[in-house]
Amino acid sequence: MSLFNFFKSKPKFAAEPDRSMWVDFHSHLLPGIDDGCKTINDSLENIRELQHQGVRRIITTPHIFKELYPNTPEIIREKLALVKKALAENFMDVEIEVSAEYYLDEWFCQNYDKMELLTIPGNFILVETNYMDRPHFLEQIFFDLQTSGYKVIFAHPERYNYLLNNYQAFHTLHDSGILFQCNLLSFTGYYSPQIKKAAEYLLKHKMIHLVGSDIHKIRHSQTITQFKRSQTYQELLKLDLLNNFL
Ligand SMILES: [Fe+2]
């Protein structure tokens, strides 16, 4: 082999990124503050299952939804401290931090610039909307957040009814710089066959930027453990997901 070819060829021992050390970006693991884990034992049980799957860093994202879950950074940090203490007491070695899943409603649109937003490191903000009706302000709030310097992560786009009959809207949102976070559960058919189909469409068109567990309860965690043995999961691993780079 010439010296030129030696440097050109990829060394056989080049380390591939360790895809098993994923960061999980979307879950409801703090006890008693939204529709996720109810008790500290629920939290530990789900975190143990995530560890078992190879997740080493968890950025958990309680709902912040003025009408249903009026959580604040103070409430969320207080619960985080509780979970961290329990993890230490149980010798569970996992990195856990908090962000939030912001519900986009009129209240959020009017107040987001006046409050502390719990972003994911890198100034990413995780947002969701109503499942049924497309909010009339959707494009505007996405644009406003982007121009304020946030990188907008749209939680589980495959789950919104108003997008399921209009796949072109996925492309429009994607082209406007909105990052798509698909739920692993969506690929299993857990929510519905239509949602599975939409998730597969996004995978086929390489429009997924991140995946998340969106774990609320142990059944979710266990279903994801099984999914991680599937061919579809292997297909997801081939994408350059942000899960591997943060
Ligand atoms: Fe969620």
Which is touching a strand residue (DSSP E or B) at 6+ places or on another chain (Cβ under 8 Å) and on the phi > 0 side of the Ramachandran plot, of G122, G149?
G122
Would you pick out the residues in the range 81-95 that are open to solvent by less than 30 Å² (accessible area, probe 1.4 Å) and either within 16 Å of the ligand (Cβ to nearest atom) or more than 18 Å from the chain's Cα centre (by Cα) (or both)?
V83, A86, L87, M92
Only one of G212, G149 is more than 16 Å from the ligand (Cβ to nearest atom) and either under 18 Å from V127 (Cα atoms) or surrounded by 14 or more Cβ atoms within 10 Å (Cβ to Cβ) (or both), namely G149
Would you pick out the residues in the range 25-49 that are surrounded by fewer than 24 Cβ atoms within 10 Å (Cβ to Cβ) and in a helix (DSSP H, G or I)?
I40, N41, D42, L44, E45, R48, E49
Go through the range 15-51 and give me each residue that's modelled with pLDDT of 95 or more, hydroxyl-bearing (S, T, Y) and either more than 16 Å from the ligand (Cβ to nearest atom) or more than 13 Å from L87 (Cβ to Cβ) (or both).
S27, T39
Close pairs (6 angstrom Cβ cut-off, 6 or more residues apart or separate chains): under 20 Å from I120 (Cβ atoms) and among the polar types (S, T, N, Q) in the range 152-170, more than 13 Å from the ligand (Cβ to nearest atom) and not in a helix (DSSP H, G or I) anywhere
none
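Going through the range 152-168 one residue at a time, which ones are within 21 Å of D214 (Cβ to Cβ) and away from the ligand (no atom under 16 Å from the Cβ)? Full working, then the answer.
From the range 152-168, those within 21 Å of D214 (Cβ to Cβ) are 152-164; that's our starting set.
If the condition is that a residue be within 21 Å of D214 (Cβ to Cβ) and away from the ligand (no atom under 16 Å from the Cβ), then N161, Y162, L163, L164 are the ones that fit.
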Meets criteria (at pLDDT 95 or above and either assigned to a helix (DSSP H, G or I) or of a type outside the set (A, V, I, L, M) (or both)) for G54:
no
Which number in (1) under 25 Å from Y167 (Cα atoms); (2) of a type outside the set (G, A, S); (3) in contact with a Cys (Cβ under 9 Å, 6 or more places away or on another chain); (4) surrounded by fewer than 17 Cβ atoms within 10 Å (Cβ to Cβ) marks the one condition that K206 misses?
(3)
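The values are calculated or read from the model by the stated rules, or taken from the named source; none is laboratory data. Since this is a predicted model, take the numbers as computed values, not measurements. FYI the Cβ positions are ideal-geometry reconstructions off the backbone, even for glycines, and counts take in every protein chain you see. Side chains included, ligands, DNA and RNA excluded: accessible areas come from the protein's heavy atoms. Shrake-Rupley method; radii C 1.70, N 1.55, O 1.52, S 1.80 Å.
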